[in-house]
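What follows draws every value from the coordinates through simple rules; no lab data is involved. Just so we're clear, the structure is a prediction, and the values are computed from it rather than from any experiment.
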């Protein structure tokens, strides 16, 4: 488990993205992190 802080506006955008796609915050963050690390 990883815990981190994010600005409220970023969390709001994350929540809306998750709701619209019917996936969890965690899944979005995992996929974003994978893509970020693969781009290195």
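Counting only alpha carbon atoms, the long axis of helix 25-38 and the longest principal axis of the chain meet at about 30°. Relative to the longest principal axis of the Cα atoms of the chain, the long axis of helix 8-21 lies at roughly 90 degrees. The candidate values are (1) 28, 22, 19; (2) 52, 15, 5; (3) 61, 6, 5; the one derived from this structure for Cα extents along the principal axes in Å carries the label (1).
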